[in-house]
There are 2 protein chains.
Amino acid sequence: MKRVVIAQAGGPTSVINATLAAFVEEVMDENKLIFSKNGYEGLTYGDFLDGTEEMNKWVIENKHVPGACLGSGRFPLEDDSIIQCVDQLKKIEADALVVIGGNGTMEALCKIEEEATNRGYGLQVIGLPKTVDNDLGATDHAPGFGSAARYVAQTTLDISRDLYSMRNFEQVRILETMGRNAGWLALASGFLRQYEEDGPHFILIPERPVKKEVLLQEVDNTIQKYGYAVIVVSEGVQWEEKGTWQIEKDIVNGRTVLGGISSEMELFIKEELKVMARAELLGMNQRSSSMFISPSDFQEALQTGACGGKWLKEGKNKIMVSLQRTNQFDYNISKIPVDLKDVVQEGERKLPDNFIHDHKAYYRWLAPLVGEGLLTYPSPIPRRDSHVKEPY
Amino acid sequence: MKRVVIAQAGGPTSVINATLAAFVEEVMDENKLIFSKNGYEGLTYGDFLDGTEEMNKWVIENKHVPGACLGSGRFPLEDDSIIQCVDQLKKIEADALVVIGGNGTMEALCKIEEEATNRGYGLQVIGLPKTVDNDLGATDHAPGFGSAARYVAQTTLDISRDLYSMRNFEQVRILETMGRNAGWLALASGFLRQYEEDGPHFILIPERPVKKEVLLQEVDNTIQKYGYAVIVVSEGVQWEEKGTWQIEKDIVNGRTVLGGISSEMELFIKEELKVMARAELLGMNQRSSSMFISPSDFQEALQTGACGGKWLKEGKNKIMVSLQRTNQFDYNISKIPVDLKDVVQEGERKLPDNFIHDHKAYYRWLAPLVGEGLLTYPSPIPRRDSHVKEPY
């Protein structure tokens, strides 16, 4: 019987509670659970919830609920806080620490493990992956991304059809996706596109700085051709003209909140092309829309939690659960333990060149993650023979 | 065999194509269909599509597609254009004009009918209702609204749970809904709320001007109590301090595009309360998200189109198809013809006082429109007995 502390950290996803619930179901009979509130903040200040039968049941009831039911948040983990976390874990005699999170979370988990080892405190640590923007390394992908990509793909097609019908009033929409330094989510916006008339007509990703003049010219051409243009832009996109320039919206707890590049693009497209343009942030729905939970993403979120629980019982240590494709042709996933240090070393994973150059290859890779049940439509252009000739 | 011109006008909805498709299915065997492109613009300039077998089939294939497949748009209809529309209709020897739209559409339809009558041209006109913000008069509600309300209801709950998990980082979200002068859609945001901890904590509607100071005080109280606050605000809300003041974003074709009150609120809440706040427009998804199409709304959209077709064949004239509840207890809808002039006279329909004062009464009224299949969650607060006591 181990005393196991578990936390959710970083930005939530629509399936992070599924991972938590499956982990709890796997370990609760033979172990004592202790829940940390608000991610590393609860660990730092000793704000824990006791895994009573009732509490465990409540966590399991949250399986289908978006957001992180324990609270997560972006708590800045300085060296002092690492020491405090280990103090708190020792105080409650924790045998193991399990955290569901992304890059920052895994880095902090490594540091806590090192601090514990330095003090001769044998703390078992396991990381469970989650992400919306798919920038977590050492895994093929992580739970949360498939649902976010599903949302971006369907929403872009739907909003594109909406704008197509309004093109005598409004010609350009700029949809801004999450993805601080990686274009996985932005590029997913083209997944359902079947006809060249449909949007997205342009997808701008952080991996490729954009020339303002080139973009303007191409948007203008597209409006001439189809009467409208849909642009998808990742929040972290940079202008080639400005080098490292990004829109910084706010700085909270030392972390910059990006956002607003679409509004800037709205203004200059209006001014330069004299058309009606509208920026729209795809917003928090990307990571929280229950109706867009991908069935396969949800299943993998459960499997990730259950696997973490199994490995905890087996005594695996200093690892993260990774998802790896086992077959080049059929989609099949194995859960493989990867060293936490390797995850940290790989850092933020960008969209690889082959996917940037070959969108179809990316969409084949993406298809099993966004899951079944998305909608495609007939061509937006009526049959050519239907135009009423003058005079009638 | 009548020669029937049909158009879609105004902002599209996720079910406006369902109404069109069902109308076409109902009338195409016995009548000749002619489609006007981009709403009244096609009527004004004679931009028509011939209802060939293939064209009709394409329209029917668009039944499940969001947006207006014929194009709609906001074409400003001056007196001159009314005359031009009648010229064009005469030119193609149209016997009937059917337009799917909202308040402005019905008004224009009336004028076209009057102009035709004045010229001794016996044009049959029928209006088919559509709306997202439910401000169309002389009907209980109109197709399009149920799906938009479904989106707003589920999204507000989901984003509320997302923020709840992030409240050590971000405390306030301000969600802006459509609804220029009517609060139906904004008030729908509370439909799924079961616990006082859940958002939305405040719903601001155009029918009730808001005092800045009062709002600030209440938001502050809510943050003290629950650690966060979710505000839903209709795009047309006014501050009591400024009388008729609204955020005007753009003026296109003489029509003001609202939007931005949530950004203004973000700024002053940040400044006054020194908390992290974020504005989010619920955006075009409200009227175009295919995944949020309400099953009952979709069915009523079809019924509205089919009913319009039947009445066209029966020779009904100068009317709009209205939906009326026939029973106080069980939800049951009758299609009743209402005089187009009565629709115009009623003007924009606001949220009635009884719903503003009694949200539960509104939600009982709303339930059959948003349809089955929405998700509710367990309380966001873990069981009270679970807190780990110090010392552990």
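Sorted from largest to smallest, which semi-axis lengths in Å does the alpha carbon gyration tensor of region B:9-121 give for its equivalent ellipsoid, taking the root of 5 times each eigenvalue? Present the calculation step by step, with values, prior to reporting the outcome.
Working: eigenvalues 104, 56, 26 Å².
Those come to 23, 17, 11 Å.
What does the charge count near A:Val370 come to, summing +1 for each Lys or Arg and -1 for each Asp or Glu among other residues with Cβ under 13 Å from its Cβ?
Numbers: positive: A:Arg150, A:Arg364; negative: A:Asp297, A:Glu300, A:Glu372.
Neighbourhood net charge equals -1.
Would you please give the residues with an amide H less than 5 Å from that of A:Thr13, counting only those at least 5 places away or on a separate chain, with H modeled from the backbone geometry?
A:Gly67
Roughly how large, in nm² to one decimal, is the mean projection of the convex hull of the alpha-carbon atoms in region B:118-174?
Across all orientations, region B:118-174 yields a mean hull projection of 6.5 nm².
Residues with amide H under 5 Å of A:Ala142's amide H, sequence separation 5 or more or different chain, H placed in the peptide plane at 1.01 Å from N; which?
none
For n ≥ 4 DSSP H runs only, could you compute -39500 (n - 2.57) per run for chain A, divide by its residues and tell me the 222 nm figure to the nearest 500?
Taken over chain A, the calculation gives -12000 deg cm²/dmol.
Mark the label point 7 Å from the Cα of B:Arg180 along Cα→Cβ and return the residues of region B:117-161 whose backbone N is within less than 15 Å of it.
B:130-137
Given springs between every Cα pair under 10 Å in a Gaussian network model of chain A, which of A:Phe169, A:Phe48, A:Phe145 has the largest fluctuation?
Fluctuation is largest for A:Phe169.
Could you tell me the extents of the protein assembly as shown's C-alpha atoms along the three principal axes, largest first, rounded to whole Å?
Rounded to whole Å, the extents work out to 98, 56, 44 Å.
Can you tell me the relative contact order of chain A? Whole percent, Cα pairs under 8 Å, sequence separation 6 or more.
In percent, rounded to a whole number, it is 21.
Hey, fewest Cβ within 10 Å first, where do B:His359, B:His201 land in order?
By the 10 Å Cβ count, ascending, the order reads B:His359, B:His201.
Which value in Å is the Kirkwood Rh of region B:145-205 over different Cα pairs?
Hydrodynamic radius (Kirkwood, Cα pairs) of region B:145-205 is 11.9 Å.
Explain nothing, just the number: relative contact order of region A:1-142, from Cα pairs under 8 Å at least 6 residues apart, as a whole percent.
Reported as a whole number, the value is 30 percent.
Would you look at the GNM of chain B, springs on alpha carbons closer than 10 Å, and say which of B:Arg364, B:Arg349, B:Arg193 moves the most?
B:Arg364
What list of ³J(HN,Hα) couplings, whole Hz, do you get for region A:28-36 from phi and the Karplus terms 6.51, -1.76, 1.60, once you set θ to phi - 60° and write x for glycine and proline?
Once rounded to whole Hz, the list reads 5, 5, 9, 9, 9, 9, 9, 9, 8.
So what is the orientation-averaged projected area of region B:61-170, using the convex hull of its C-alpha atoms, in nm²?
Dividing the Cα hull surface by four gives the mean projection, 10.4 nm².
A 25 angstrom limit on the alpha carbon distance is what I want to check against. Which of B:Lys313/B:Lys341; B:Lys90/B:Lys111; A:Lys225/B:Lys111; A:Lys270/B:Lys211 exceed it?
The pairs that break the limit, which is 25 Å between Cα atoms, are A:Lys225/B:Lys111; A:Lys270/B:Lys211.
For chain B, with a Gaussian network of springs between Cα atoms less than 10 Å apart, report the residue from B:Gly120, B:Gly179, B:Gly199 with the top mean-square fluctuation.
B:Gly120
Mind checking which chain B residue has its Cβ closest to the axis relating B to A, and how many whole Å off it is?
Residue with the nearest Cβ, plus whole-Å distance, for chain B: B:Met291, 3.
So if R0 is 45 Å, what FRET efficiency would A:Asn317 and B:Leu375 give, r being the distance between their Cβ atoms, rounded to the nearest 0.05?
Efficiency at R0 = 45 Å is approximately 0.75.
How many angstrom separate the Cα center of region B:128-156 from the Cα center of region A:23-100?
Taking the Cα centre of each part, region B:128-156 and region A:23-100 sit 42 Å apart.
If you average over every viewing direction, what projected area does the convex hull of the Cα atoms of chain A give, in nm²?
21.6 nm²
Read-outs: derived from the displayed coordinates by stated rules, not from any lab. From a predicted model like this one, the values you see are computed outputs, not experimental measurements. Cβ sites come from the backbone with ideal geometry, for glycine too, and all protein chains shown count toward neighbours.
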